[in-house]
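Scroll down for the structure; my scribbles are underneath it.
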Amino acid sequence: MVDITDDLTIDTQLIEAAISEKTKVIFPVDIGGWPCNYNRINEIVRKKGIIEKFKAESEKQISLGRILVIADAAHSLGAKYHGSLVGSLTDITIFSLHAVKNITTAEGGAICICLPYPFDINDEYRLMKLYTLNGQNKDAYQKLKTGGWKYDILFPGLKVNLPDVCASIGLAQIRKYNSQILVDRKSVALRYQRNLKNYKFFQLPPLQDDNIESSYHLYALRINDISEIERDAIIDDVIQSGVSVNVHFIPLPMLTAFKKLGYDTNDYPIAYRNYSREISLPIYPQLSEAETDYICEVVISAYNKIIG
Ligand SMILES: *Cc1c(COP(=O)(O)O)cnc(C)c1O
């Protein structure tokens, strides 16, 4: 694990020192819909010294011959990065279609494969499909077709296949994603930006620059010069006014499972510093302008009450 920068994504300056002979994958996370510094990450895994350090331990790792990059793009469906869309930037990109994400299938996700030669993308796709259904070479529909009842189990897989009913919900949403859902999310985020930009005690999230555009998944507001306790008090006050806010995220070293592995929050000061003063304001397409304005008023008044 390495620390983040102030844009809440992985600090690429810390990556090289964290790479050992055991490193097989780098797993950067696009927080709030803001893509990581993929140009730099892709450069690092292709550096001569880093490739020389890489110790392949499986057939796939031998074929790749370097560290794999898997982007956690759970938040960043539709985000743009230097003229490309998230999904095409790394070897593997994983989108979440969980209920709280920009589009949903209730549960589920989507994986984009951009593996280089000699990988065949269709072969990798078929292999992943086998994993989702117990390593079984036929699904129920294929077995139903005349003469198709025989099947095989090729390896012990998982049972994580996306039901057709759920997929149909996702398909309906993705058709209107660019023209409607994403546009509506963006207008909520920009309204927050306009309403809050003149308050010096707020640090606004990055949404767009010359090369990058967010997918507007979260509005990760940060408040300058407050403690974690003060942030929690502001959240309590905001919730009293009927506004549901959240915090993204509790740094992993603060969670029991990671503490048990020996991780220490003190080693990730930027993550802690940003977490302790962060409040995510709600974004969803149906949030009206009046509601967005009300949320801003509530947050400003909570700040004034607790801090001012
Ligand atoms: C939601 C989320 C996930 C997990 O997605 P699931 O579809 O629930 O597995 C992973 N990473 C981030 C950053 C998320 O917000």
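Using a simple spin-label model with pseudo-atoms 7 Å out from Cα toward Cβ, ILE51 and ASN134 lie 4.3 nm apart. For the chain, the share of DSSP beta bridges that are antiparallel, to the nearest 5, is 75%. For a modelled paramagnetic label at PHE119, 7 Å from Cα along Cα-to-Cβ, the residues of the stretch 1-34 in reach, with backbone nitrogen under 15 Å, are 24-28. Considering only PRO118, LEU182, TYR263, and ranking their Cα positions along the charge dipole of the chain that arises from unit charges at the beta-carbon of Lys, Arg, Asp and Glu, the one farthest toward the positive end is PRO118.
Take each peptide in 277-285, 206-214, count the other Cβ atoms within 10 Å of every residue, and average; sorted highest first, the result is 277-285, 206-214. Sites listed here are GluC sites (Glu not before Pro) in the stretch 44-113 whose DSSP assignment is loop and whose Cβ has at most 12 other Cβ atoms within 10 Å: GLU57. Spin-label model, SER244/ASN178: points 7 Å from Cα along the beta carbon direction are separated by 3.1 nm.
Modelled this way, with points 7 Å down the Cα-to-C-beta line, the labels at SER20 and GLU228 are 2.7 nm from one another. Taken over the stretch 125-202, lysine pairs spaced eight or more positions apart, or on distinct chains, with alpha carbons under 14 Å apart number 4. Annotation for the stretch 49-91: trypsin sites (Lys or Arg not before Pro) lying in DSSP loop with at most 12 further Cβ atoms inside 10 Å of their Cβ are LYS55. Label zone of LEU144 (point 7 Å out along Cα→Cβ, amide N under 19 Å): in the stretch 79-120 this covers no residue at all. Which residues among the stretch 56-98 fall inside the zone where the amide N is under 15 Å from a point 7 Å beyond the Cα of CYS166, along Cα→Cβ? It comes to 95-98, nothing else.
Between the C-alpha center of the stretch 247-308 and that of the stretch 177-242 there is a gap of 10 Å.
Within the straight-line cut-off of under 27 Å between alpha carbons, the lysines reachable from LYS48 are LYS22, LYS24, LYS60, sequence neighbours fewer than 8 places apart in one chain being disregarded. Dividing the mean sequence gap of close Cα pairs (under 8 Å, 6+ apart) by how many residues the stretch 222-308 holds gives a relative contact order of 44 percent. For LYS259, a cut-off of 13 angstrom between C-alpha atoms picks up these aspartates and glutamates, skipping any fewer than 8 places away in its own chain: ASP267.
Any read-out appearing in this document is the output of simple, stated calculations on the displayed coordinates, not a laboratory observation. Because the structure is a prediction, the values reported are computed rather than measured. Cβ atoms come from the backbone with ideal geometry, glycine included; neighbour counts cover every protein chain shown.
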